[in-house]
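Okay, so here's the structure we're looking at.
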C-alpha cells in the first residue's frame, strides 16, 4: 500500500502545482483588474477637476446617516455569511458646476459554496444647504417571491421599500414624525413614494416641473434618494462606472436645480 501511494506522489505534486498556478493567475488577474479600475477612476477625477481621496479618509460624508452595504449585512443570515468586515474603497471628490460631489465605493466579502464573493455598492453624495429631511423611492410593482408567486399589490416593494419608511437619524434624534406625502393619483404617485418630516413643505416643492422631471428619469436615480443634514445622497449596487457615474450625478443635480436647492456654503472641500 505504501508503494502505491509513493507512486502517486508525482501526480499529487503536479496537482498541487496546477492549483498553485491557478491561484497565482487568478490573483494576478484580480490585481490587474483592480488597478485598471482605480486608474480609470483617477483619470475621471482629473478630467472633472477632482481628486482621489486619501484611503484613510475614504468614507462617505453620510456614513453616520446610513451604514454601507445595508442590503448585504442586515439580518442574521447576512451577518453569518460575512467573510470580512465592511470596507471602503476608492472615493472621488470633485466639483460639478456649483456643487461639491463625493462618490465612493464600499464592499463586503460573503461566504459562498465554493469560496468567497465580494459584493460592492457605490454612493453618490452632494453637499447642500440644510433641507427638510426627505426620502424619494421608486415603487416596484409586480415581481415574484422566493417561490415564484406574484407579489401582492400591497407588498412593501410596491410602497417604496422598507428603507424609505425608516425614520432618518436626525429626525429620530429630534423626536420628529415621519410621514408619507400624499400626491394626487397619476404617473408620479404610481412610480414614487416620498416620506418626510414635513409633508406640506415637500408637497409644495414638487411642482409640475419637478414631477415631470422625476417621472422621465425614474430609473436614472438612486433609490431611495435621501435628503438629510445638508446632504443629498443615494446608493447604487456595484462598482463605480467611469462611463456612467457622471450621468447619474447630473440627473441628481438637475433635480436639485429644479427644486430650488442651493449648494452648501462654504463648499465642502474634504
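Some points to look at:
Residue by residue, here is whether (1) modelled with pLDDT under 95; (2) part of a loop (DSSP other than H, G, I, E, B); (3) surrounded by 13 or more Cβ atoms within 10 Å (Cβ to Cβ); (4) on the phi > 0 side of the Ramachandran plot holds:
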{"position": "195", "(1), (2), (3), (4)": "no, no, yes, no"}
{"position": "203", "(1), (2), (3), (4)": "yes, no, yes, no"}
{"position": "209", "(1), (2), (3), (4)": "no, no, no, no"}
{"position": "233", "(1), (2), (3), (4)": "no, no, yes, no"}
{"position": "265", "(1), (2), (3), (4)": "yes, yes, no, no"}
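- Meets criteria (surrounded by 15 or more Cβ atoms within 10 Å (Cβ to Cβ) and out of contact with any helix residue (DSSP H, G or I) (no Cβ under 7 Å at 6 or more places or on another chain)) for residue 189: yes
- Filter result (surrounded by 13 or more Cβ atoms within 10 Å (Cβ to Cβ) and farther than 24 Å from residue 251 by Cα) within the range 173-186: 176, 178, 179
- Filtered by the rule that a residue be out of contact with any helix residue (DSSP H, G or I) (no Cβ under 9 Å at 6 or more places or on another chain) and in a helix (DSSP H, G or I), the range 158-186 gives 158, 164, 169, 170, 171, 172, 173.
The values are calculated or read from the model by the stated rules, or taken from the named source; none is laboratory data. Note that this is a predicted model, so its numbers are computed, not measured. Counting neighbours? That spans all protein chains shown, and the Cβs are built from the backbone with ideal geometry, glycine included.
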